[in-house]
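Below is one structure, written out as C-alpha cells; comments come after it.
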Amino acid sequence: MIPPVVECIRAAKSFGPTRAVEDVSFAVGPGEVVGFLGSSGSGKTTLLRLIAGFETVSAGEVRIADKVVSSPYDHVPSERRNVGVVFQEYALFPHLTVAENVEFGLGKLSRHERRRRSGRVLEMVRLDGMGRRYPHQLSGGEQQRVALARTLAPRPVTILLDEPFSNLDASMKSEMRREVCEILKESGATAVFVTHDREEAFAMADRVAVLQSGRLEQIDSPSALYHSPATPLVAKATGACDFLPGRIRGGRAVTDFGSLAVAACSGGLREGTEVDVLIRADDLQLAPDPSAAAVVTSREFRGDEVLLAVRTPSGATVHCRRHHYSTLECETRVRLFPVRSEPFVAFPRRPGA
Amino acid sequence: MTSEDLRIAAAPRWQPPALPAERQTWTRPPAAVWLPVLLITIAMALPPVYLLLRSADASAEAWRLLLRPRTAEIALRSLSLAAAVTLASVALAVPLAWLTVRTDLPYRRVWGVLTALPLVIPSYVGGFLIISALGPKGLLQGVLQGPLGVDRLPSIYGLPGAALTLVLLSYPYVLLTVRGVMGGLNPAYEETARSLGLGPWAVMRRVTLPQLRPAVVSGGLLVGLYTLSDFGAVSLLRYETFTWAIYQQYQTSFDRSTAALLSAALVLAAILILVSEAWTRGRMAYHESAGARRPLRPVGLGRWKWPAILFTGAVVTASLMLPAWVLGYWLVRGLHAGVAMGSIWTAAFNSVSISALAAAAAAVCSLPVAVLVVRYPGIFAKVAERMSYVGYALPGIVVALALVFFGANYARPIYQTAWLLLLAYVVMFLPAALGASRASLLRVGPRLEEAARSLGHGPLRTFLNVTAPLMLPGVLSGAALVFLLTMKELPATLILGPLDFKTLSTQVWSASSEAFFAQAAVPALLLILLSAVPLGYLMLRDRARF
C-alpha cells in the first residue's frame, strides 16, 4: 500500500484555554486534493498550520511522507518539511521581483538551474515574461499565480493553500479556481486547501473534510457528504436543508405527510425513536390541495426557480423548489409528497434539542 | 439636550471589531534574541535602580533639603510650565494641522514643511535667540530705545520667556502627530454625519475632533514630557524648574543625594503625566478602518482664506522667520568680530561623529527588542518593552546623573570617556529607534516570514533575506531621528562629556549662558543645518511612501 503523503493522527492544538483543533485524524493520498470546509473559528486554518509546521501540536502527531514531523516531543521546523504554502494574502516578498520570488526556494540549485526552473514554473502559471515585475505591479489574480508558482518551484511533497481565493472578486474567483485546479492536476501535486465556501470545496476537492469547533465531523467525497451526511452539522455545512420531525415505525420515518423510507444511519434507528429527517429543497414536490393541512408561507422568486417555504401541520417549515413559471401564491394549501429516489437520511433527535 | 442627544450619549462607545489574535509562530525566542534584549534591559534599568538606591540611603540633610517649601515651588513651576506649554501647543497645532491637511489653503504643502521646521531648533538656541531679541539690551530694546526712548522692557526671564520659547519649538510635536492621523481619516465618517443632518461645525465637533483625540493626547504628552525634561531653555531663561535645580545642586554640592532626590521627584512628575495619558487612552476606542478609502476632499476656506493665511504666517514668522533673522544678525556680528572657527570645526566633528555612533547603536539595539516584542509576545517582551521606554520618562539630566554614579563606581574604565556618553544617548533615545523598528517590523507580516520558512530558509536566513531588507527603511528613519535628538542633546552632554569634549550644543550653551551671543550664533547655525540633514531625509521618505 502506498503510504499517505499527509497524515494527522489524533492531532490537537490548544492556544491557552482555547482548543483550536481537537482529536483530528485523516490521511491524504498521493495526488489527492483535499479541502477543509468550515466557518471561521472551526480550526481549519490552525490544522493547515500544524501541517505546515508553523504551529506545534499539543497532542497527537502529524506525519508527512510517512515521517513524524510534529508530535508533543518533536517538531521539524517548516523549512525542513518540504511543504509548499500559498497564503491567503499571498505573502509575496515585496522587495523581490516575480522571478526572484519564484527562485527564493531554489537555494540549493545552481544559478542556471534556478533560472530554468523558475522560467518553467512561470510558464506553467501563464506568467512568462512577467519575471522582472514587482508584486505590486500585478493584479490580484496574477499575484495569486505568482504565489502558486513560488510554491510549486521547489517541488514540494504537498501544497497547502489557505483560503486561496478569498482575496479575489467573484468573477475572478471561478476562473482562478479552474486554473489552479488545472495547474495542480498538471503538476500532479498533493494538495490541501482551506475554505469557508462550500461551492469552492465541492468544485476543487476530491474529498472534503468538514470541520466544526476544532473537530473533524466527516471526510468524504463531495457527493457522499451531500447525500449521506453523518451529522446534522455536516448536512447544514454542505447545503441548505430543513429537518422534519418524525418517529421510526417499522423501519420508516412517520412524518406529517406520510412515512418516508430512511437509510439506516450509523448506530441504527430503533423502533419508536424520535428523529429529524433531512429534507433538501428538491426532495419534495407539492400540489395545490384545498383539503391539505400544509400551507405555503413564503415565496421567493430567484430567476431560475421559485423557492417556496411550506409550514407543515406540526409547525415545521420545509423548503421546496419549483419551476420559475410556478404561480403558487402564499397561503395556498398544498399536499407534499417525496420525490427522492434514495432513502431519506434521519438523525436521532437529541434529548432537549 | 434633545432626547436624541441623550440616546446618543447613553449608547455604548463604539468598540473596534475584535482582531484575530496574532498567531504566534515560534513560541520561545531564540538566544540570539533574548540575550541581547536582556543586556539592553539591564542597561535601561540602571537609571531607575540608581534613583531607588540613592533615595533609599539619602542623608538626613538631603531629605531636609528636599522637604523645604522650595521643592514644592520647583514642582509647581515645572508642572505649570508643562501645562502651559502643552495647552498652547495644542491650541496652535490643531488648527494648523487642519489648515495644512484638510483645506484649500494656498501653498499648503509649503506651509506644511515650514510649520514642522522649528523642530530642528534646540531649546537652548531658542532660549538664546529669545533673550538676545527681547531681553535687556536685546534687539527689540535697541530698536525702541532710539526713537521712543524706551529703556526698559517687561522682563523676559521666568515663566513667560520659557513658555514662549518652548511653545514655539515644541508645537510641531502635536502638529505632526495630529497631521498623521488627519490625513488618514476615513471621509465616510464625516459624510455619514453630514447625511444624518449635522452641519460642518457639528461634524467637526462631534466626528472629526473625537477621532483626533488620541493623536492630540499623544502629541500633547510628547510636549509635556519634553517641557518637563527641558534643560536648555529654562536654564538660560532662569526659570527654576526641576532640571535646572538638579543641575545646580549637582554642580554646587558634594552630597549628590539631594540631586538624586530631586530627580526622583521629577521622574514622579513625568510618571504622573504618562499615567494620565494611559488613563485617557484606556477609555478611548481606537479603530482601524478597513477597505480602500477615497482621498479626502479639501474643505473650501472661502472668505476665511485670508485670516487663515495670516494665522499660519504669524506662527511661521514667530517660530521660524524671526529666529532665523536674529540668528543671522548675530552671525554677521560674530563673523565681523572674528570668532575662532577652529574650535567650532572640532565641536562640529565631535557632534556629528558621536551622534552618528549613537544613531547606529540605538538602531542596532532596537532590533532584538522589536523582534521580541512583535514576534514573541509574552511577559518578558512586555517587561523589555516597558524598560526600553524608560528613556521617555526619564529626563536626560536624570539619566546623566545615574550614569555618572554608575561610571564612577562600577565602570571606571569608561568613566569620563565618550563611551559612557554614548551609553547615555542609547538609554535616552532607544524609544525613538524602537518605535520606528517596531512599526516597520509590524508592517512585515508574519506570513512573509512563514513563506520564507516554508521555502526552506532557516530563521537566520529568513531574517537576513526577508525581514531585514523590508525593515531597513523604517530602521533608518529611526536612526535619523536618534541622530537629530543626539545632535540637540544638552544636559547629558554637559555632565557626562569628557572634560575636553566640546560639541556644538555645549558651545552654544556656554557662550549664550554668558551672553556672548555673537559667539553662540555660528555653532547654533551649524547645529541647525546639520540636524536638518536627517530631518530632510525623514520628510523625503514620508513623501515617497505616499
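Each reported figure results from applying straightforward, stated rules to the coordinates on display, with no laboratory input. No experiment lies behind these values; they were computed from the predicted model shown. Glycine also receives a Cβ, built like all others from the backbone with ideal geometry; neighbour counts cover every protein chain displayed.
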As a Kirkwood estimate from alpha-carbon pairs, segment A:241-348 has a hydrodynamic radius in angstrom of 14.2 Å
Rounded to two decimals, the Rg over Rh value of segment A:31-172 from Cα coordinates and the Kirkwood Rh reads 0.99
Distance in Å, no decimals, from the C-alpha centre of segment A:152-171 to the one of segment A:1-38 is 18 Å
Heads up, segment A:64-105 by the C-alpha gyration tensor (a ≥ b ≥ c square roots of eigenvalues; a/c under 1.5 rounded, else a/b over b/c prolate, else oblate) looks prolate
quick note, the protein assembly as shown, DSSP beta bridge pairs, % antiparallel (nearest 5) is 75 percent
The rounded separation in angstrom of the Cα centers of segment A:187-206 and segment B:56-74 is 74 Å
The alpha-carbon center of segment B:31-52 and that of segment A:259-312 are separated, in whole Å, by 71 Å
Mean other chain Cβ within 10 Å across A:80-86 is 3
Among B:374, A:76, B:332, the residue whose Cα sits farthest towards the positive end of the charge dipole of the protein assembly as shown, when +1 is placed on the Cβ of each Lys and Arg and -1 on the Cβ of each Asp and Glu, is B:332
Semi-axes in Å, largest first, for segment B:162-245 (Cα gyration tensor, √(5λ)) are 37, 11, 9
Rg/Rh of the protein assembly as shown (Cα atoms, Kirkwood Rh), to two decimals, equals 1.08
Note: B:436-448 gets an average of partner chain Cβ contacts (10 Å, Cβ to Cβ) equal to 2
By the C-alpha gyration tensor axes a ≥ b ≥ c (rounded if a/c is under 1.5, else prolate when a/b exceeds b/c, else oblate), the shape of segment A:176-304 is oblate
Most packed first (mean Cβ within 10 Å per residue), the peptides B:405-413, B:207-215 order as B:207-215, B:405-413
Filtered hits (lysines, Cα-Cα < 29 Å from residue A:67, offset >= 8 within chain) -> A:13, A:44, A:108, A:185
Membrane-span-like helices (DSSP H runs, Cα span along own axis at least 24 Å, mean Kyte-Doolittle at least -0.5) in chain B -> B:31-56, B:69-102, B:159-183, B:209-229, B:257-282, B:341-375, B:418-443, B:468-488, B:517-545
In terms of the charge dipole of chain B, which places +1 on Lys and Arg and -1 on Asp and Glu at the beta carbon, the residue among B:538, B:272, B:247 farthest towards the positive end is B:538
For the pair residue A:157 and residue A:270, the simple spin-label estimate (label points 7 Å beyond Cα toward Cβ) gives in nm 4.7 nm
Taking Cα atoms, the helix A:111-124 axis meets the longest principal axis of chain A at an angle in degrees (rounded to 10) of 30 degrees
Going from the fewest other Cβ atoms within 10 Å to the most, one would list B:365, A:241 as A:241, B:365
In degrees, nearest 10, the alpha-carbon axis of helix A:170-187 is tilted away from the dominant principal axis of the alpha carbons of chain A by 60 degrees
For chain A, longest principal axis from Cα atoms; helix A:140-152 axis from its Cα atoms; angle between them, nearest 10 degrees, is 70 degrees
Using the Cα gyration tensor of segment B:122-171, the equivalent ellipsoid's semi-axes, largest first and to the nearest Å, work out to 23, 10, 8
Expressed to two decimals, segment B:413-546 has a Cα Rg over Rh, using the Kirkwood radius, of 1.13
Given A:172-185, B:120-133, the highest-first ranking by average Cβ count within 10 Å works out to B:120-133, A:172-185
Cross-link reach from residue B:502 to aspartates and glutamates, straight Cα distance under 16 Å and at least 8 residues apart if same chain, gives B:489
Over the Cα atoms of segment A:1-96 the radius of gyration and the largest Cα-Cα distance (Dmax), both in Å, equal 13.7, 45
D (µm²/s, integer) via Stokes-Einstein for chain A, Kirkwood Rh across alpha-carbon pairs, 10 °C, 1.306 mPa s: value 69 µm²/s
Taking Cα pairs closer than 8 Å and at least 6 residues apart, the relative contact order of chain B in percent is 21 percent
Computed, not fitted: 222 nm per-residue ellipticity of chain B from DSSP H runs ≥ 4 (each -39500 (n - 2.57)), nearest 500, equal to -24000 deg cm²/dmol
For the protein assembly as shown, the dipole about the Cα centre with charges only on Cβ (Lys and Arg +1, Asp and Glu -1), to the nearest 20 debye, works out at 1020 debye
Taking only the alpha carbons of chain B, the radius of gyration and the largest Cα-Cα distance, Dmax, both in angstrom, are 24.7, 83
Counting sequence-distant residues (5 or more places) and residues on other chains, those with an amide H built under 5 Å from that of residue A:218 are A:210
